[in-house]
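*Asks:* The structure follows.
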Amino acid sequence: MSNLNYFYTAKTKICFILVIIIFAANFGLADDSNSSRPGKFRKKSNAAERESVREQEKQKSDQENARKQAYDDSYSAISDCEFIHRSQNPSSLTDKLSSYKKYKQAALAGFSNITKEEMTMTFRVSGESTEMTKTIGEWFAFCDKSMTGKISNLDTKVKSDTAQAEAEDQKRKAYNDRVRAEQEAKFKALVASSHGDRKRILESKGYLPNWPRSGDLKTAPVWKWEINITNEAVRCEMFQFSGEKLKSNSTDLGACP
């Protein structure tokens with residue numbers, strides 16, 4: 001009986017072990033039921049999925065970086081456009097126009113959909129600064145249409161102003177030359193008709209006295225020269241005559257009375 005009991009006990013243990021093995025095998029099969037391939041292929045599939053996710057995230061990040069860079073380039077381009085509209089001098093505006101085109105091209109090449117995004121800029125309109133919001137595409141269209149005309153109009157205005165200023169300078173120069181020639185002629189005539197101290201003083205000064213402003217200088221009892229030299233005090237030199245002879249002379253600080 002003892003041998004029989006031992007037989008049944010051993011058999012029971014073997015059956016128990018087999019049950020555990022079968023259960024473990026079924027559990028493993030159940031785990032693999034989520035995949036149509038064996039476990040080692042499932043691991044490969046998970047790695048491929050993770051790589052795909054990383055690639056998608058990288059593409060998304062690259063796209064966002066491209067969008068930000070395109071926005072910055074658009075801002076730079078429109079800022080150049082704003083500078084052109086604000087400027088009153090055409091000098092170097094062609095460089096600003098080239099800069100605008102460069103930044104605009106970079107923005108569109110880097111992220112074409114940037115034209116749909118809005119941007120707020122402060123623009124000078126009719127002499128006043130006005131804040132305006134447009135899509136970047138609308139800003140580009142506005143700048144493309146208006147900048148060349150602005151530069152052309154400004155260039156025309158500056159050329160006209162320059163020509164007018166030059167004409168005025170020529171008139172002023174002609175007037176000054178005429179007055180100088182008249183004064184020179186009067187001075188030479190006065191020297192030629194003067195004698196004694198009057199002639200000596202005239203030749204030492206080299207130009208007509210400032211006073212008197214009218215009347216006969218040849219017989220005027222008093223001549224005055226106002227000396228106004230840069231970095232020196234203004235002074236008045238006065239000469240009193242008795243006929244052709246010097247009677248007295250003095251120098252006073254300040255303008256001649």
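*Asks:* Could you grab the pairs with beta carbons closer than 6 Å, sequence gap of 6+ or different chains, first residue in region 173-201 and among the acidic types (Asp, Glu), second one not in a helix (DSSP H, G or I)?
*Replies:* 197/245; 197/246
*Asks:* Filter region 111-161 down to residues that are among the β-branched types (Val, Ile, Thr), assigned to a helix (DSSP H, G or I) and open to solvent by 70 Å² or more (accessible area, probe 1.4 Å) and give me whichever is nearest to residue 81 (Cα to Cα).
*Replies:* Residues of region 111-161 that are among the β-branched types (Val, Ile, Thr), as a first pass: 114-115, 120, 122, 125, 130, 133, 135-136, 148, 151, 156, 158.
Next, from what is left, pick out any that are assigned to a helix (DSSP H, G or I): 114-115, 136, 148, 151, 156, 158.
Filter once more, keeping what is open to solvent by 70 Å² or more (accessible area, probe 1.4 Å): 148, 156.
Values: 148: 10, 156: 19 Å.
Per the stated criteria, the residue is 148.
*Asks:* Another question about this same structure. Quickly run through region 193-217 and pick out the residues that are open to solvent by 40 Å² or more (accessible area, probe 1.4 Å) and in a helix (DSSP H, G or I).
*Replies:* Once the filter is applied, which keeps residues that are open to solvent by 40 Å² or more (accessible area, probe 1.4 Å) and in a helix (DSSP H, G or I), region 193-217 yields 196, 199, 200, 203, 204, 205.
*Asks:* Test residue 224 against the stated conditions and say whether it is in a strand (DSSP E or B) and open to solvent by 70 Å² or more (accessible area, probe 1.4 Å).
*Replies:* Details: in a strand (DSSP E or B): yes; open to solvent by 70 Å² or more (accessible area, probe 1.4 Å): no.
Judged against the criteria, residue 224 is not a match.
*Asks:* Could you count how many residues in region 141-186 are closer than 30 Å to residue 210 by Cβ and of a type in the set (A, V, I, L, M, F, W, C)?
*Replies:* Of all residues in region 141-186, those closer than 30 Å to residue 210 by Cβ come to 168-186.
So of that shortlist, the ones also of a type in the set (A, V, I, L, M, F, W, C) come out as 174, 179, 181, 185.
Total satisfying the criteria: 4.
*Asks:* Show the residue pairs that are 6+ apart or on different chains and have beta-carbon atoms under 7 Å apart, the first residue being within region 226-244 and touching a residue at least 60 places away in the same chain (Cβ under 8 Å), the second being open to solvent by 50 Å² or more (accessible area, probe 1.4 Å) and among the hydroxyl-bearing types (Ser, Thr, Tyr).
*Replies:* Pairs found: none.
*Asks:* Tell me, which residue of region 63-105 that is hydrophobic (A, V, I, L, M, F, W, C) and in contact (Cβ under 8 Å) with a residue 40 or more places away in the chain is surrounded by the fewest Cβ atoms within 10 Å (Cβ to Cβ)?
*Replies:* Taking region 63-105 as the starting set, the residues that turn out to be hydrophobic (A, V, I, L, M, F, W, C) are 66, 70, 77-78, 81, 83-84, 93, 97.
Of the ones still in play, those that are also in contact (Cβ under 8 Å) with a residue 40 or more places away in the chain are 66, 70, 77-78, 81, 84, 93, 97.
Numbers: 66: 16, 70: 23, 77: 24, 78: 23, 81: 26, 84: 22, 93: 18, 97: 18.
Filtering first and then ranking leaves 66.
*Asks:* Another question about this same structure. Scan region 119-150 residue by residue and report those that are within 14 Å of residue 77 (Cα to Cα) and acidic (Asp, Glu).
*Replies:* Scanning region 119-150 gives 138, 144.
The values are calculated or read from the model by the stated rules, or taken from the named source; none is laboratory data. Please read these numbers as outputs of a predicted model, since none were measured by experiment. Methodologically, a virtual Cβ is constructed for each residue, glycine included, from the backbone with ideal geometry; neighbour enumeration extends over all protein chains shown. These area figures cover heavy atoms from the full protein model, side chains too; ligands, DNA and RNA do not enter into them. Shrake-Rupley method; radii C 1.70, N 1.55, O 1.52, S 1.80 Å.
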